[in-house]
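Inspection log for the structure reproduced underneath, given as structure tokens.
The values are calculated or read from the model by the stated rules, or taken from the named source; none is laboratory data. The shown structure was predicted, so the numbers you read here are calculated from the model rather than taken from an experiment. All Cβ positions, even for glycine, are placed from backbone atoms using ideal geometry, and neighbour counts span all protein chains on display. Note: areas computed on protein heavy atoms with side chains; ligands, DNA, RNA excluded. Shrake-Rupley method; radii C 1.70, N 1.55, O 1.52, S 1.80 Å.
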Amino acid sequence: MASAVLASTRFDSDDQVFFARLSGDFNPMHMDPLAARRTQAGAAVVHGVHAVLWALDRLVHLGLVEGGISGVKVQFAKFIPVGSTVHLKLVRRDWKSIKAELASDDLTTTLLNLTLGTPKKADARVLPPPDAPRTGLTDQPAVLVNLEETAGLSGWMDVTRPAQRVETRFPHAVAAIGPERVAAIALLSRLVGMICPGLHSIFAAFAIDLIETPRHRDGLGFSVSGTDERFRMVRMTVSGAGISGAVQAFLRWPPVAQASLSDISKLVAPTEFAGSTALIVGGSRGLGALTAKVIAAGGGKVIVTYAIGRKEAMQLAEEIQAHNPQGECDVIPYDARRDAAGQLKALVADVSHLYYFATTPIARQKNGLFVSTLLDEFIQVYVKGFYDCCRFLGERGSGALTAFYPSSVFVENNPLPMAEYSMAKMAGEILCDNMNRAADRVHVIVARLPRLKTDQTASVPPVESVEPLEVMLPAIRKVQSSRSSS
């Protein structure tokens with residue numbers, strides 16, 4: 001049976017602020033687009049629990065919930081980007097349960113199962129323990145890196161304040177299960193996003209029973225019940241405020257920190273790259289930032305571009321100049337999807353080397369084997385954008401230009417989920433070959449890079465990857481030396 005669309009909505013930045021204040025979940029993945037782009041989501045995403053409560057409210061409003069709710073089971077399958085349209089679909093409904101799902105851009109993001117019936121009776125064991133520490137409100141999430149840090153964590157969260165505010169946004173859900181239970185479900189977001197695992201978390205799932213909780217304490221208790229190192233998963237039990245059940249969350253790896261200038265300087269002679277001027281497109285973080293550090297450590301001048309990460313680019317420039325007061329690092333905005341001439345015409349320096357790290361998120365949520373619009377997006381950045389930049393610099397400069405094009409071993413391996421990315425990089429390689437055969441003023445050096453430790457390649461289950469400096473230092477030396485022999 002085809003799923004019927006029951007309702008649709010769009011969560012914007014105002015919705016993000018509202019739910020953060022309601023739940024206490026201010027995790028940067030939801031609130032800070034720059035910080036969020038360094039996570040697996042690649043952009044700011046909707047609080048999953050917010051979407052669930054909206055769906056629950058709609059189901060009740062539409063008259064699909066009869067006889068009460070005795071249980072809620074949710075699985076978060078995909079991220080919901082802020083600003084995208086979300087559809088609530090009814091998958092199945094019978095006298096004892098409702099199965100629904102949330103979808104965005106034809107992707108199922110959330111699976112929701114409601115068990116119909118009356119709340120269960122509870123004994124004293126479901127209450128937050130009297131000696132459990134209260135977890136106060138804060139706008140700074142806990143910073144946990146290793147699973148061992150979650151062992152023994154427990155506490156309780158007060159539901160009084162959120163229970164007073166939920167009715168304004170979820171009136172039908174409140175009428176069906178009560179304000180305390182709606183508030184307790186909202187607090188699950190705070191539990192995962194701010195307490196455990198905290199900053200580096202991804203909410204995976206929860207399953208709760210609705211219970212008749214004696215009014216001993218207006219709080220939701222939680223306790224870590226186990227972990228799974230294979231998937232960096234944390235399991236927790238929750239109880240109180242009319243609910244009892246379990247929560248699962250992933251502890252993702254922190255953003256990747258590239259090698260410091262101090263470490264790089266031990267490997268690079270201070271005048272090794274003197275006399276060169278390198279334009280590093282996409283140099284505010286990742287491999288671009290690493291390349292800037294290497295060239296600056298070798299006495300070269302660097303011009304770093306950013307599309308949205310101005311703060312990160314400025315911090316990089318400050319790091320370079322703090323390490324070497326004579327070091328030169330300029331910062332300019334640049335969007336590889338726009339005309340190069342209009343953005344680079346103000347360049348004063350004569351660029352001798354181009355390092356092209358412009359990118360868009362490569363690990364994408366998609367529905368199906370091939371998405372043509374995704375290929376178009378990659379082609380715009382990795383092929384058209386590269387050629388446009390090279391052509392402008394080649395025509396403008398007084399001498400030859402050596403350009404570095406970072407391709408990928410995915411061209412050879414061609415993993416199924418990365419088809420469009422692999423195709424675009426292959427097209428980029430063909431372009432580079434044609435540019436070199438044309439014997440123009442631009443010479444391109446192509447390197448098929450292995451999987452390196454960057455934000456783009458980070459994953460929750462550990463995947464083998466190579467230290468970037470080990471690969472990039474020889475590649476940079478090859479590119480820098482190419483000009484003298486051209």
Rounded to the nearest 20 debye, dipole of the chain from Cβ charges on Lys, Arg, Asp, Glu: 500
Per residue, in Å², the accessible surface of the chain once ligands and nucleic acids are set aside, probe 1.4 Å: 44
Eligible aspartates and glutamates near residue 345 by straight Cα distance, threshold 20 Å, same-chain separation 8 or greater: 328, 330, 335, 388, 395
Which labelled figure in [x] 81, 49, 37; [y] 128, 64, 44; [z] 83, 48, 42 is Cα extents along the principal axes in Å, once derived from the coordinates: [x]
Set of aspartates and glutamates with alpha-carbon distance to residue 96 below 15 Å, sequence-local pairs under 8 removed: 66, 209
Chain lengthening between residue 229 and residue 464 when straightened (0.36 nm per residue, less Cα-Cα): 83.1 nm
Efficiency of FRET between residue 409 and residue 120 - r from beta-carbon atoms, R0 56 angstrom, step 0.05: 0.55
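With the cut-off at 18 Å, tell me which of the pairs 293/478; 311/453; 73/120; 73/366; 301/384 have Cα atoms farther apart than that. Spell out each step's value before the answer.
Numbers: 293/478 16 Å; 311/453 22 Å; 73/120 16 Å; 73/366 24 Å; 301/384 26 Å.
Exceeds cut-off: 311/453; 73/366; 301/384.
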For residue 242, residues with placed amide H under 5 Å, excluding near neighbours: 213
Rounded percent of accessible protein surface that carbon and sulfur make up, the stretch 1-113, 1.4 Å probe: 50
Hz values of 3J(HN,Hα) by residue in the stretch 257-264 - Karplus curve (6.51, -1.76, 1.60), Gly and Pro given as x: 9, 7, 4, 7, 4, 4, 5, 5
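By how many nm would the segment from residue 96 to residue 371 grow when fully extended, if each residue of separation counts as 0.36 nm and the alpha-carbon distance is taken off?
Gain on extension, residue 96 to residue 371, equals 95.1 nm.
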Built amide H within the under 5 Å cut-off of residue 159, gap 5+: 219, 220
Residues whose placed amide H lies under 5 Å from that of residue 144, excluding near-sequence neighbours: 199, 200
At R0 = 22 Å, FRET efficiency that the Cβ-Cβ distance of residue 337 and residue 437 yields, to 0.05: 0.25
Gain upon complete extension [residue 207, residue 348; 0.36 nm per residue less C-alpha separation]: 44.7 nm
Mean separation of Cα contacts under 8 Å (6+ apart) over length of the chain, as relative contact order %: 12
